[in-house]
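The values are calculated or read from the model by the stated rules, or taken from the named source; none is laboratory data. Values in this document were obtained by computation on a predicted structure and should not be read as measured data. Neighbour counts run over all protein chains shown; Cβ positions are idealised from the backbone, glycine included.
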Amino acid sequence: MKCPCQQQQSDLSLLQPVLQKYASVKGSLITILQQAQEIYGYLPTDVLYHIAEQTGSTPARVLGTATFYTQFRFQPIGKYLITLCDGTACHVNGSARIAAAVQEYLQVENGGTTADGLFSFSIAACLGCCSLSPVMMINEDTYGSLTPAKVLEILKDIRKKEAAQ
């Protein structure tokens, strides 16, 4: 079922190989959503409705599943996704100070993206790297034993690298 209020903007053909493989496989909705997010960078509304239509699910089931899990995003993200752990070990070891340093330097709130679209910032319940606490990931790279100064150095290095390109 297509959402009458939503204009189609996404190239839905990009999702066809995923839907061909998984649409009829029971219990594959999360896999489809994960792969859709990998393709588009987030889950656009028209893609969610298309998934519902192609899998025979209701839009409510697809949207309910997508909104239940924190791994799914509904807005485009920056080139660099910063995910800061706030699990127990990280929290005890100063993740709040790390968050404050990131937010102040980038002028971005939790869940937000910088005005230049370069960075998105997110706080996660746990990254599973307790021995490295406090820890953050930037895209696929993990940074541990963080201090506010170390975080600023990492972010400044990324900005320098981007400016040189």
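Please state which one of 101, 89, 96 is surrounded by fewer than 16 Cβ atoms within 10 Å (Cβ to Cβ), in a helix (DSSP H, G or I) and hydrophobic (A, V, I, L, M, F, W, C).
The unique qualifying residue is 96.
Output the number of residues of segment 40-67 satisfying the condition of being part of a helix (DSSP H, G or I), surrounded by fewer than 16 Cβ atoms within 10 Å (Cβ to Cβ) and either among the β-branched types (Val, Ile, Thr) or in the same structural domain as residue 131 (by TED's automatic domain parsing) (or both).
1
Could you say whether any residue in segment 99-117 is of a type outside the set (Phe, Trp, Tyr) and touching a Pro at 6+ places or on another chain (Cβ under 7 Å)?
yes
Kindly evaluate residue 65 against the criterion of being polar (S, T, N, Q) and within 30 Å of residue 25 (Cβ to Cβ).
yes
If you take the residues of segment 68-84 that are hydrophobic (A, V, I, L, M, F, W, C) and part of a loop (DSSP other than H, G, I, E, B), which of them is surrounded by the fewest Cβ atoms within 10 Å (Cβ to Cβ)?
Within segment 68-84, the match that is surrounded by the fewest Cβ atoms within 10 Å (Cβ to Cβ) is 74.
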